1. At q = 0.07, 0.13, 0.15 Å⁻¹, work out log10 I(q)/I(0) for segment A:28-329 with the Debye formula, treating every Cα as an identical point scatterer and leaving solvent out; two decimals please.
2. Distance in nm between label sites at residue B:337 and residue B:226, each 7 Å beyond Cα in the beta-carbon direction?
3. Go through segment B:247-326 and name the chymotrypsin sites (Phe, Trp or Tyr not before Pro) that are in a DSSP coil and have 16 or fewer other Cβ atoms within 10 Å of their Cβ.
4. Measure nothing fancy, just the Cα-based angle from helix A:136-155's long axis to the longest principal axis of chain A, in degrees from 0 to 90, nearest 10.
5. Points 7 angstrom from Cα along the Cβ direction at residue A:161 and residue A:311: gap in nanometres?
6. How long is segment B:238-379 along each principal axis, judged by its Cα atoms, biggest number first, in Å?
7. For segment B:3-237, what Kirkwood radius comes out of the mean inverse Cα-Cα distance, in Å?
8. Taking the Cα atoms of segment B:294-442, what is the range of coordinates along each of the three principal axes, in descending order and whole Å?
Amino acid sequence: MSSSRTVADSRRGLPPVAAFLRRCARYSAFYPLVGLIVVSVVMAFASDTFLSASNISNILRQVSINALIAVGMTFVILTGGIDLSVGAVMALAGTVAAGLIAGGLDGGLALLACLGLGCLFGLANGAFVAFAGMPPIIVTLATMGIARGLGLIYTGGYPISGLPAWIHWFGEGSVLGLQTPIAIMLLVYALAWVLLERTPFGRYVYAIGGNETATRLSGVRVPRAKLLIYGLSGLTAAIAAVVLTGRLMSGQPNAGQGFELDAIAAVVLGGTSIAGGRGSLIGTLLGALLLGVLNNGLNMVGVNPYVQTVVKGVIILLAIYIGRERRAAG
Amino acid sequence: MTAILELRGIAKSFPGVKALSGIDLTVEAGEIHALLGENGAGKSTLMKILSGIYQPDEGRISVDGRTLRFADYHDAVAAGIGIVFQEFSLIPYLNAVENIFLGRERRRFGLLRRASMRDEAAGLFRRLGVAIDLDAEVRTLSVAQQQFIEIAKALALDARILILDEPTATLTPADAEHLFAIMRVLKRDGVAMIFISHHMEEIFEICDRITVLRDGRFIGVMPVADTDMDRLVQMMVGRRLEQSFPPKPPRSPDARLVLEVEGLQLERGGPINAFHLHEGEILGFAGLVGSGRTETVMAVLGAEPAYAKTVRINGEAVRLSSPAGALARGLGILPENRKTEGLITEFTIRDNISINNLGKYRTLGGFLDFARERTTTAEMMRQVGVKAPGMSTTVVTLSGGNQQKVVLARWLNHHCRILVFDEPTRGIDVGAKAEIYALMRSLTARGYAIVMVSSELPEIVGMSDRVAVFREGRIVRTLEAGDIAPAEIMRHATAGDIDELV
């Protein structure tokens with residue numbers, strides 16, 4: 001009797017901080033948040049300019065492109081899929097936008113075409129995955145090659161430059177006191193968050209990743225949802241293309257190589273299960289920031305760029321090892 | 001003859017279910033011993049214990065008079081037990097030799113001794129009297145040949161006790177005869193065999209003795225020569241633990257037809273089935289495992305493709321090409337396997353109930369109305385009687401009965417009036433079963449129509465207003481009222497070729 005009370009008391013007597021942390025750890029975005037804080041603190045000690053306002057805004061601007069691509073990637077990975085085509089789709093959409101603008105098309109229409117093209121590629125991915133039942137990794141590997149090739153054909157392999165100054169606003173301008181890329185990033189995250197957490201469609205995204213068969217048998221139109229999810233991934237890649245074009249003031253057919261891997265890294269660092277069903281957009285944003293802080297900090301501290309990629313790889317492994325889902329028996 | 005294998009007082013429980021108790025089984029060298037029982041009688045569980053996959057809670061296993069404990073499958077193999085599983089364990093892209101020696105390849109200086117392995121495999125097949133192309137990937141071989149490779153694989157491991165779990169289920173009659181010839185060869189060599197089959201004729205043709213199980217208990221053992229088919233069916237069906245079923249309401253003669261299925265053919269050249277369902281009725285789908293019941297309902301719903309089908313709902317012809325389309329027409333399913341097909345186990349009760357009716361909680365802007373979702377979920381949980389700490393409990397922590405109620409609740413917030421219950425009480429304890437049965441009857445009283453696929457005879461008999469009996473993909477008989485009796489159903493479900501010949 002008394003012994004059982006002691007057990008209960010000691011359990012209740014858990015230090016409040018530890019109890020609080022244990023509650024927090026249930027959220028998938030907890031680990032990336034801790035990681036971001038730890039890495040930031042280390043960087044702040046290593047470099048006195050790291051915490052300056054200009055550097056922080058610099059980091060945010062630098063991560064914006066990866067963070068935008070990672071929005072669509074989060075939806076895709078939540079369903080247990082993957083989209084390798086995003087980097088190439090971004091490059092293609094960017095060159096087409098640049099080409100149309102340089103060719104004298106109305107700016108608004110050109111940007112619309114750019115977004116539409118990204119969307120179209122995504123929908124094509126989705127159609128193959130959802131209706132033909134092909135594995136996403138193969139489908140998007142193939143469309144990655146197609147998009148990259150089309151971009152090179154369209155430009156002849158050379159960058160398209162000579163763009164009007166207004167396009168610069170998307171890469172370097174500011175709106176409401178925020179740099180434009182940061183504002184676009186935050187807006188897209190806000191809209192995507194509402195879509196994922198506040199609409200039936202968002203619930204289907206999680207459900208498909210949780211158990212696709214059960215979701216289908218309960219009468220959800222799973223193929224249609226998948227089609228839209230990949231379409232969304234193409235769309236966010238195209239939004240990233242607009243920012244990139246504004247930053248570079250040109251359409252670069254070779255841009256975005258390996259960006260798909262950075263986006264996947266951000267999503268997974270953000271606590272989203274690669275098998276689907278669990279994860280969050282906030283986690284992805286934190287994951288993208290973590291990668292950005294690492295890039296920026298390692299540069300500022302003066303680490304050799306060759307060493308940097310090794311350090312980043314080790315940190316990703318470590319972070320995912322710590323945050324991995326522990327499947328305890330019972 | 002001497003007992004090579006002896007099982008005494010084997011018992012095994014799973015959470016909430018007593019699967020086996022007091023099972024005895026003795027097999028002698030050179031004997032072919034039939035293990036007989038309905039679906040769910042405990043045959044497969046017993047064979048899994050014998051092959052070390054499960055550990056018994058009580059009882060002992062002796063081989064050659066020595067008591068052994070099998071910690072895993074490898075211990076059983078080491079003791080001379082070989083298993084030919086219902087689902088083959090061959091690697092489809094390897095050939096027969098590679099499959100037989102998988103995991104224990106012969107090697108010299110780290111390199112494979114291919115000729116030596118090939119010779120031994122060829123010798124095994126010679127002994128069995130079968131011709132197998134040793135270079136062909138096994139996926140290109142016939143089902144029968146794959147089965148012979150399984151047998152050869154067990155023999156290559158020096159198996160002296162061979163378990164054949166429904167080996168003839170997927171064989172043509174000619175291939176089955178070939179298998180029996182092989183079994184006779186092995187019998188002469190002193191190999192003991194445990195043979196599981198639902199085909200009585202086969203048992204009478206090939207077996208020496210029969211052990212009958214029912215509801216996880218040992219019923220009896222006798223030589224084949226001393227028994228006949230009627231007596232065996234009686235032993236299998238028997239008088240069993242009384243599960244209480246709600247009373248069947250009198251059938252109203254003018255009940256509306258709500259579902260009519262005609263010309264349903266799952267694949268080209270396959271059997272063609274038809275059935276219909278009245279308002280307020282429970283139509284039981286009875287038959288052996290693999291007799292095509294689940295495939296039939298899945299095809300009707302459009303969850304699996306059908307080669308041809310005509311479906312009318314409330315008299316109107318409809319095309320059902322997906323579960324979503326079926327839902328739109330008022331048809332829902334509670335799948336056979338709750339964990340893999342019914343539920344998103346890591347999600348909450350609320351998510352699982354509302355997954356297919358989120359549209360109802362949409363506000364004008366397309367956003368979810370969480371408050372309304374919560375009140376409706378609570379109402380649904382109350383209606384079906386889910387017992388759980390709250391609607392945010394993850395369903396994986398619930399008992400089987402409560403999980404089934406969650407799946408049911410999902411369909412009640414719809415205009416759905418036709419529900420398919422596939423094995424509604426599998427893995428559910430007796431008390432919760434009664435609750436599920438009561439729920440089903442309360443639904444039919446409200447005008448729902450139910451198709452119930454079940455492998456449990458008492459459930460079929462106790463719940464169905466009519467019973468369609470399946471055998472080998474075909475509805476062979478539809479039974480009504482007084483004809484719905486265990487022995488009658490079993491006869492139609494198993495005694496296949498006999499009355500077709502008459």
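Computed from the coordinates by the stated procedures, all read-outs in this text should not be read as laboratory data. Keep in mind that what you see is a predicted model, and the values were worked out from it rather than measured. For neighbour counting, all protein chains shown are included, and Cβ atoms are generated from backbone atoms with ideal geometry for every residue, glycine included.
1. -0.26, -0.91, -1.18
2. About 4.2 nm, to one decimal.
3. B:307
4. Taking the Cα atoms of chain A, the angle to A:136-155 is about 30 degrees.
5. Result for the modelled spin labels: 3.2 nm.
6. Sorted largest first, the three principal extents are 48, 42, 36 Å.
7. 18.4 Å
8. 46, 46, 28
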